[in-house]
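The values are calculated or read from the model by the stated rules, or taken from the named source; none is laboratory data. None of the values given here were measured: they were computed from a predicted structure. Backbone-built Cβ (ideal geometry, glycine too); neighbour counts: all protein chains shown. Note: accessible area is taken over every heavy atom of the protein model, side chains too, but ligands, DNA and RNA are not part of it. Shrake-Rupley method; radii C 1.70, N 1.55, O 1.52, S 1.80 Å.
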Amino acid sequence: MTSILISALSQGMLWAIMAIGIHITYRILNISDLTSESAFALGGAVVATAIVLGIDPILATVLATISGGLAGFVTGFLHTKLHIPSLLAGILSMTGLYSVNLRIMGKANIPLNMSDTILTKLSDLLGMARDRDAAILLGVIVAVIVIVLLIWFFNTEFGFSIVATGSNDQMIRANGVNSDLTIMAGLMLSNALIALSGALVSQYNGYADVGQGIGAIVVGLASVIIGEVIFKNKNFFITLVGIVFGSIIYRLIVALVINLDFISANDMRLFTAIIVAIAISLTTFKKPRKVKSHD
Amino acid sequence: MIEIKNIAKTFHKGTINENRVINDLSLRIEDGDFVTVIGGNGAGKSTLLNLLAGSLEVDEGHIYIGEKEVTKMKENKRAKYIARVFQDPQSGTCKDLTIAENMSIAQRRGKVRSLKKGIYREEKAVYKEKLKELNLGLENRLEAKVGLLSGGQRQAVTLLMATLVKPELLLLDEHTAALDPKTAKTVLDLTNKIVKENRLTTIMITHNLKDAIAMGNRLIMMNHGRIVYDVRGEAKQKLEVKDLLRLYDQEDAGLSDVMLFG
Ligand SMILES: Nc1ncnc2c1ncn2[C@@H]1O[C@H](COP(=O)(O)OP(=O)(O)OP(=O)(O)O)[C@@H](O)[C@H]1O
Ligand SMILES: [Mg+2]
């Protein structure tokens, strides 16, 4: 039982970064960005390839994060410069990235269990017996850094502009801000975090798989919604902490449900999809941003 | 001075829905002029303001603000010179940010947004003073999300925001149309006050003929994307609502002629 708990805790912490990325596009920018699915796998692909090439795992994780930012840039470019509706722009990126990920990895799966990862480094450093314990610590460290940086960022002039773009792009343009730029920045930030999460999860799992991002958005949304349900406060800090808790709770639910006899691991995606559908229809969920019309 | 030279705008050009909305329109507005704009639905009033603000691009013609040609300038760049209040009270503010944060965004209109703090304590003190002048009790709700305000309150805040940094041109598009009569009057009084105090060059669209006569120093009427009537100074002061109604009728008659022969 404790091992289930620890596993849920460590998985939840590492996936929470992805959920925070989803929150930035879905809640702050009001865009349903499907790039996320492939950005998560991209993070894993880049980190695993880099580690196998002998690059330091910390640097490899940074590279993975940057690669996610680039993926967000591509989607932002398609949307703001080529005027492709955001949903479709995300689908195009997601589809294209699948091939890119395969190119980067050279095969569909790269095992990491023979290599040094951030987790083995951390557990060696602290003399921990199992890498899993290090995962929780690592998750906490990364989550704290990410949350602190995001709170700082969203309280800057530029951060305000991104928030305003999400709820009223007409207003922010009338106040002299290039909304293409703020949308682009939001998409890059979101996908950078999602790739970071993908990179951490790959190192935790001991492999990178080209399919590891499938369903990520729904998992991220589930975490965001659970967080909102338990922490009704609108304060940004509480919201972010709520997402982390949401992500952990989601993992606990998954662990419990999988233990039921009549449900197999294969049913999990259907289960999650149903949960999210019910939760979204029950909560007063904001409508996603309207697709810009361009005459 | 604002100068519009022979601008034209057609929507859905080259399709069956082709719609010539602004038609070889020229207009020169002196500094400090307060122009009210009237005209029937679809006359092209909002389109004219959108062209001025850069939310839409002109097909032909030129637009100058002072000496500067802004015809091709992007909307967000033009915002340095132009402030707007829209008809929809939701449009001018961001509901997810606080009153103070919204004002801080307006305070930086036309400036590059950096990674500096979005709002400083000293600013809040200034905003509080400005809000006090509205007499709506908003000075105590600096940290309230704008989404919690009523339409009238939001419109008053938007007006205040539009003038935090003095614009070369203030554009008001039926900015009281969505408000109840009493709130509309409050916001109009506020408009008069702010425009006078700051000597703002202003264009205000309204369907209220009384307001169109009572406010500002110049009145223009639009029909089919043209300016069909332009009156200022004393002649404008002497106008009565029935004079304007007669004008609407004449234009309607003109319209039916066009339909007959067009
Ligand atoms: N973005 C747009 N795309 C296509 N057609 C438009 C667009 N904006 C305005 N139009 C059309 O241009 C015409 C003039 O519209 P406009 O909004 O300028 O009228 P208005 O004088 O402001 O009318 P109202 O008094 O009803 O606000 C209308 O026929 C309208 O349908
Ligand atoms: Mg209009």
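Points worth noting:
- Positions from region B:43-88 whose accessible area shrinks by 10 Å² or more when the full protein complex is built, not the chain alone, probe 1.4 Å: B:Glu75, B:Asn76, B:Ala79, B:Arg84, B:Phe86
- 1.4 Å probe, heavy atoms, protein only - residues of region A:169-212 losing at least 40 Å² accessible area vs chain alone: A:Gln170, A:Met171, A:Arg173, A:Ala174, A:Asn175, A:Gly176
- Of all accessible heavy-atom area on chain B, the percent that carbon and sulfur account for (1.4 Å): 50 percent
- Chain A packed on chain B takes about 2300 Å² of accessible surface away from a 1.4 Å probe, both sides summed.
- Nearby aspartates and glutamates by direct alpha-carbon distance to A:Lys232 (threshold 14 angstrom, same-chain neighbours under 8 apart not counted): none
- In this rough spin-label picture, where each label sits 7 Å from Cα along the Cβ direction, the A:Ile278-B:Lys72 distance is 5.9 nm.
- For the pair B:Glu18 and B:Val241, a Förster radius of 35 Å applied to the C-beta separation gives a FRET efficiency near 0.50, rounded to the nearest 0.05.
- On the beta carbon distance between A:Asp261 and A:Ile214, with R0 = 35 Å, the FRET formula returns roughly 0.85.
- Considering only A:Gly96, A:Thr239, A:Ile118, and ranking their Cα positions along the charge dipole of region A:2-284 that arises from unit charges at the beta-carbon of Lys, Arg, Asp and Glu, the one farthest toward the positive end is A:Thr239.
- Filter on B:Lys45/B:Lys242; B:Lys117/B:Lys196; B:Lys74/B:Lys132; B:Lys80/B:Lys193; B:Lys77/B:Lys185; B:Lys77/B:Lys132 - keep pairs with C-alpha separation over 26 Å: B:Lys117/B:Lys196; B:Lys74/B:Lys132; B:Lys77/B:Lys185; B:Lys77/B:Lys132
- Apportionment of accessible area to carbon and sulfur, chain A, percent (1.4 Å): 69 percent
- Helical segments meeting 15 Å axial Cα length and Kyte-Doolittle -0.5 threshold in chain A (DSSP H): A:2-23, A:35-52, A:57-76, A:86-105, A:131-153, A:157-167, A:179-205, A:216-230, A:236-259, A:268-282
- Once all protein chains are placed together, B:His12 keeps about 100 Å² accessible to a 1.4 angstrom probe.
- Two-decimal Rg/Rh across region A:53-194, once Rg and the Kirkwood Rh are taken from alpha-carbon atoms: 1.06
- Extension reserve of the B:Glu234-B:Tyr248 stretch, reckoned as 0.36 nm per residue once the Cα distance is removed: 2.9 nm
- Per-residue SASA remark: A:Ile110, around 10 Å² accessible (1.4 Å probe; ligands, DNA and RNA not included).
- The simple spin-label model puts a point 7 Å past each Cα toward its Cβ; for A:Val148 and A:Leu125 those points are separated by 1.4 nm.
- For chain B, the solvent-accessible area of protein heavy atoms averages 49 Å² per residue (probe radius 1.4 Å; ligands and nucleic acids excluded).
- Prolate/oblate/rounded label for chain B (Cα gyration tensor, a/c 1.5): prolate
- When the square roots of the Cα gyration tensor eigenvalues are ordered a ≥ b ≥ c, the ratio a/c for region B:130-213 is 1.5 or more and a/b does not exceed b/c, which makes its shape oblate.
- Net +/- balance of residues flanking B:Met222 in space, Cβ distance below 12 Å, scoring K and R +1, D and E -1: 0
- In this rough spin-label picture, where each label sits 7 Å from Cα along the Cβ direction, the B:Asp59-A:Leu252 distance is 6.4 nm.
- Per residue accessible area of region A:2-284, 1.4 Å probe, in Å²: 41 Å²
- Contact-buried residues of region B:1-35, at a threshold of 30 Å² lost accessible area versus the chain by itself, are absent (1.4 Å probe; DNA, RNA and ligands ignored).
- Tilt relative to chain B, helix B:121-134 - C-alpha long axis, 0 to 90 degrees, to 10: 50 degrees
- Candidate cross-link partners of B:Lys128 among the aspartates and glutamates, defined by an alpha-carbon separation under 18 Å and a same-chain spacing of 8 or more, comprise B:Glu101, B:Glu139, B:Glu143.
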